[in-house]
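Accompanying notes for the structure given below.
The values are calculated or read from the model by the stated rules, or taken from the named source; none is laboratory data. No experiment lies behind these values; they were computed from the predicted model shown. All Cβ positions, even for glycine, are placed from backbone atoms using ideal geometry, and neighbour counts span all protein chains on display. Heads up: the accessible areas ignore ligands, DNA and RNA and are worked out on the full protein's heavy atoms, side chains in. Shrake-Rupley method; radii C 1.70, N 1.55, O 1.52, S 1.80 Å.
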Amino acid sequence: MYSKNLIDIEAMTTAQIDKLVKKAKKIMQSPADYRHACDGKILATLFYEPSTRTQMSFQTAMLKLGGRTIGFDNPMNSSVAKGENLKDTVSVISGYADIIAMRHPVEGTAMAASLYSDIPVINCGDGGHLHPTQTLTDIVTLSCEKGRLDNLKIGVCGDLLNGRTVHSLIKALVKYENNSFTLISTPELGVPLYIIDILEKHNCKYTISHSLADAVKDLDMLYMTRIQRERFKSEEDYLSQKDVFVLDKEKLANARDDMIILHPLPRVNEITVDIDDDPRAMYFKQAQYGMFGRMALILLLLQDEDFVLKVRDREICEHRCKNPKCVTQTEEYLPNYSYEKLGMHMCDYCDKRID
Ligand code: CP
C-alpha cells in the first residue's frame, strides 16, 4: 500500500530522498521559477505543541510557492478546547485545505490523523517519537555542505532517548552506504532499543560514548541536541541530565577543520554561543535549508503523482498498545493497528512492542 502522507522518514526510499534534495537545490538556485507553483493551494498547520522553525518554515514555504496558510499554534484557541477529538478535527480540516502539517505531543498522532484525512498529512513531530521533516532539513544541509550522504562519520549527542530528530536522522542515514554513528549520551538517555535494532538490521557501524571530548575527534558531522525537558517525569530527573554535554571552544579544538556542527534547535545550553561564528557551525544555515526542503516536499506531495510513500503492512491486534505516551491511550476510537517484527506485534502508531 502507498500513500501521500509523510509520517516516518523510513517510508522514503533513497531515490525519493535524493529527488527531494535535488528539487530543494533547484528551488534555491531559481526561487522565482516557483513563485506561483502552488497558486490557489492551502496549507493547514495544526500545531498542538510549540514550534518556531517547523511551523514558520512550513508557512513560509507555502507562501513562497504562491499558496496560503490556515491553522492554529495553540489548540486551546480551537475546538480542541471544547473536547473535539483528533478524528473530527482532521476530517473537517481535510475539507478546507490541500495539505496538513501537524505537530502533537503524543506519539503516533500524525499516523492516527492520516487515517481520517483525504489530503496529505506531514508529521512535524509526534512526542518523543519522530520528526521526519527535520531529517529532510538535516539531509539537505549535509548534501549542500558535505556534498554527500554516504561515507560519513556521524556523532549524535544529547538526549538520544527523547530526541525525535535523532531517531528520524538515524532511520534515514542508515539507508546510505558506509555511514557510521557515535552515539554520545548518558546511560539514561541512550537511543531506544528499536533504533539499535535498525542500526543492526542495516549492518551499520555504531559505538556508544559517554565523552563528547573524545568522540568529537574524528567526525564529519556532529549533531547536538537539547535535553528534552518536556519529556521528563520530574524536574529533578531533568536537572540530573541538564548540561552534561556542552560543546564549547575547548572541545571543538579537538575536532577536524572540515567537521560540521548541526543542531535542530532550539538550543538551550548545549552549544556555547561563542561557537556560533565558527565556520563549522551550520545550525542557523540548517534552519534556512529546512525551508527549501519543505518547499520541495510540498511540491512533491501535491504535484508529483509518482511521489508516493510505502505504508507498511498492518493488521488489527487483539491487544491495545500499553505505551502511556501512545495516541491509542487518548483517542479511544482508534483501531489496534500493529505490524509484525521478528515475530512480535509492534504498535503501528508509536512503534513500541504490544505483546
Ligand atoms: N527543529 C525544530 O523542530 O524546531 P521547532 O521546535 O522550533 O519547530
Where Q29 falls short, out of the listed (1) more than 16 Å from the ligand (Cβ to nearest atom); (2) over 23 Å from V311 (Cα atoms); (3) touching a Gly at 6+ places or on another chain (Cβ under 8 Å): (3)
Qualifying strands (runs of 3 or more DSSP E) (wholly inside the stretch 175-232; at least 3 residues being open to solvent by 40 Å² or more (accessible area, probe 1.4 Å) and modelled with pLDDT under 95): none
Residues being surrounded by 19 or more Cβ atoms within 10 Å (Cβ to Cβ) and of a type in the set (V, I, T) - total across the stretch 306-337: 2
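Taking the stretch 45-56 on its own, how many of its residues are open to solvent by 10 Å² or more (accessible area, probe 1.4 Å), under 15 Å from I122 (Cβ atoms) and either touching a residue at least 60 places away in the same chain (Cβ under 8 Å) or not in a helix (DSSP H, G or I) (or both)?
If we filter the stretch 45-56 for residues that are open to solvent by 10 Å² or more (accessible area, probe 1.4 Å), which is where we start, we get 48-53, 55-56.
The next check asks that each one be under 15 Å from I122 (Cβ atoms); those that pass are 48-49, 51, 53, 55-56.
Checking which are either touching a residue at least 60 places away in the same chain (Cβ under 8 Å) or not in a helix (DSSP H, G or I) (or both) leaves us with 48-49, 51, 53, 55.
So the answer is 5.
Can you tell me which of L239, L193, L160, L173 is among the hydrophobic types (A, V, I, L, M, F, W, C), closer than 22 Å to V268 by Cα and without any contact (Cβ under 8 Å) to a residue 60 or more places away in the chain? Spell out the reasoning first.
Numbers: L193 fails: closer than 22 Å to V268 by Cα; L160 fails: without any contact (Cβ under 8 Å) to a residue 60 or more places away in the chain; L173 fails: closer than 22 Å to V268 by Cα.
Checking each option against the conditions leaves just L239.
Here's the yes/no breakdown for (1) modelled with pLDDT of 95 or more; (2) at negative phi; (3) within 16 Å of the ligand (Cβ to nearest atom):
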site: A37; (1), (2), (3): yes, yes, no
site: G40; (1), (2), (3): yes, no, no
site: S57; (1), (2), (3): yes, yes, yes
site: V90; (1), (2), (3): yes, yes, no
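Return the residues of the stretch 32-44 that are open to solvent by less than 70 Å² (accessible area, probe 1.4 Å) and free of Cβ contacts under 8 Å to residues at least 60 places away in the same chain; say none if nothing qualifies. I'd like the intermediate steps shown before the answer.
Within the stretch 32-44, the subset open to solvent by less than 70 Å² (accessible area, probe 1.4 Å) is 32, 34, 37-38, 40, 42-44.
Passing the criteria: A32, G40, I42, A44.
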Residue count for the stretch 286-327, restricted to those that are under 17 Å from H345 (Cβ atoms) and in contact with a Lys or Arg (Cβ under 9 Å, 6 or more places away or on another chain): 4
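Among the residues that make up the stretch 122-135, is at least one of them among the charged types (D, E, K, R) and not in a loop (DSSP other than H, G, I, E, B)?
So in the stretch 122-135, the residues among the charged types (D, E, K, R) come out as 126.
Going one step further and asking which of them are not in a loop (DSSP other than H, G, I, E, B), we end up with 126.
Looking for residues that are among the charged types (D, E, K, R) and not in a loop (DSSP other than H, G, I, E, B), one finds at least one in the stretch 122-135, hence yes.
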Selected residue (criterion: modelled with the highest pLDDT) from residues of the stretch 143-173 that are open to solvent by 40 Å² or more (accessible area, probe 1.4 Å) and over 18 Å from V21 (Cβ atoms): K153
Unmet requirement for P105, which otherwise passes all of (1) open to solvent by less than 50 Å² (accessible area, probe 1.4 Å); (2) within 16 Å of the ligand (Cβ to nearest atom): (1)
Odd one out for L63, checked against (1) in contact (Cβ under 8 Å) with a residue 24 or more places away in the chain; (2) surrounded by fewer than 17 Cβ atoms within 10 Å (Cβ to Cβ); (3) more than 30 Å from D220 (Cβ to Cβ): (1)
Count - residues of the stretch 251-274 that are open to solvent by 70 Å² or more (accessible area, probe 1.4 Å) and within 16 Å of the ligand (Cβ to nearest atom): 1
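Let me confirm something: among I27, I7, which residue is open to solvent by less than 30 Å² (accessible area, probe 1.4 Å) and at pLDDT 95 or above? Give the derivation first.
Numbers: I7 fails: open to solvent by less than 30 Å² (accessible area, probe 1.4 Å).
Being open to solvent by less than 30 Å² (accessible area, probe 1.4 Å) and at pLDDT 95 or above holds for just one of I27, I7, which is I27.
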